[in-house]
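Have a look at the structure below, then the notes.
Each reported figure results from applying straightforward, stated rules to the coordinates on display, with no laboratory input. From a predicted model like this one, the values you see are computed outputs, not experimental measurements. Reconstructed Cβ throughout: ideal geometry from the backbone, glycine too, with neighbour counts over all protein chains shown.
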Amino acid sequence: MSEDQSPFLKACRGEKTDYTPIWLMRQAGRYMQEYREVRERTPFMDLCANSDLAAEVTVTAVERIGADAAIIFSDILLILVPMGMDLTYGKGEGPILGNPIRSGADVDRLCEAPPEALSFVYEAIRKTRASLKPETPLIGFCGAPFTLASYMIEGGGSRNYAETKTLMYTDSGAWHALMNLVSRSLVKYVKKQIEAGAQVIQIFDSWVGCLSPEDYREFVFPHVRLLLDSISGDVPVIHFGTGTATLLDEQKKAGGDVIGLDWRVNLGETWDRLGNVSVQGNLDPCTLLGDRETLSKRAGEILRQAGGRPGHIFNLGHGVLPMTSVDNVKFLIDFVHEWKVDA
Ligand code: CP3
């Protein structure tokens, strides 16, 4: 089978497949023993910067669980370093940006990320592509402008995005300048990933669900549109977010060949409404923590809602949680593969 005819790439293009392709966000991560062993010896940022190790972790994960696509081992926040941000990953606390952006003057101190500053990512993509089975497609990725800006402004994760919204509402000039700078950096970064061999790109707008549709339209849409317009046509793009039930129509308008759905929406009804686009999702990651009866019941409901329509990529609604059992992940992947799509 050529890669181009793999079920995952066919589903991205909205073509019919013999079975529903599945991969999991964060499929290379702490729930996996092999990953924890590598991490015992290597700090997270060193792992990302080491293209041999990043390729190894990527390939090990996809082969261990039997997923239909690999996602390059990296992180959405790495691009912030060549833009001028101080990034560290504290033990158990998540990422920390030591010099948060709070004003127009702070934005002026940043620069567009020179794409060659992230050459270790392209190198990891090339090495991963060379060692993956030919029929397994490789996903490259980046954060979306809003999600990245929220980390830059908050200085880390956030519960209510108060600082982010304060800048957005009080200095829209600085806000749009920041979003534009991030978007321009992302365009070059993504194009380099495609050149290196990424066959699909996923845009992670993980935290955009904290916005109202009005704020999305005014403060986010133009920037996502610019990003997606600039990279569209090269390879399929998956446009992902969480908590986005009220934003999906706008997100679809902004672009992407595949729209990511989380578990808070009914996949069937939402797909009916969105219409002509592929969809990815949408199992609650917590179902992998429960018993297999519930897991197969919930997975079956999603497959039934998709109803064999071409263009469904099975995934979780968000990343695999660290306490997940690998056996449950494999059970889910087998379950999805064995499902008769025409049933
Ligand atoms: O999916 C994959 O297997 C590929 C690798 C990948 C990572 N991060 C590795 C990682 C991907 C696609 C990401 C994307 C990412 N990073 C997002 C968007 C997806 C999402 O979950 O919403 C976000 C918001 C980040 C930022 C980030 N990086 C956070 C909040 C954290 C700490 C929280 C956590 O999950 O530990 C990271 C660190 C990180 N990125 C880890 C991994 C495997 C854990 C690091 C470790 O302790 O080993």
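The condition (being in contact with a His (Cβ under 6 Å, 6 or more places away or on another chain) and surrounded by fewer than 24 Cβ atoms within 10 Å (Cβ to Cβ)) is satisfied by just one residue among Ser183, Ser232: Ser183.
Looking only at residues of region 148-177 that are hydroxyl-bearing (Ser, Thr, Tyr) and without any contact (Cβ under 8 Å) to a residue 12 or more places away in the chain, we find that the one that is nearest to Leu228 (Cα to Cα) is Tyr169. Only residues that are basic (Lys, Arg) and more than 21 Å from Ile238 (Cα to Cα) were counted in region 127-144, giving 2.
Criterion applied to Pro213, Pro100, Pro115, Pro145 was being in contact (Cβ under 8 Å) with a residue 40 or more places away in the chain and more than 23 Å from Ser230 (Cα to Cα), and the one residue passing it is Pro100.
Of the set (1) under 18 Å from Val200 (Cα atoms); (2) within 16 Å of the ligand (Cβ to nearest atom), all apply to Ala254 but (2). For region 220-246, filtered to residues that are away from the ligand (no atom under 16 Å from the Cβ) and of a type in the set (S, T, N, Q), the residue that is nearest to the chain's Cα centre (by Cα) is Ser232.
Please indicate, with yes or no, whether at least one residue in region 160-171 is over 25 Å from Ala245 (Cα atoms) and away from the ligand (no atom under 16 Å from the Cβ). Taking every residue of region 160-171 in turn, at least one turns out to be over 25 Å from Ala245 (Cα atoms) and away from the ligand (no atom under 16 Å from the Cβ). Evaluated against (1) crowded, with 19+ Cβ neighbours inside 10 Å; (2) under 18 Å from Val200 (Cα atoms), Cys48 falls short on exactly one condition, (2). Filtering region 1-43 to residues that are surrounded by 13 or more Cβ atoms within 10 Å (Cβ to Cβ) and charged (D, E, K, R) leaves Glu3, Lys10, Arg13, Glu15, Lys16, Arg26, Arg30, Glu34, Arg39.
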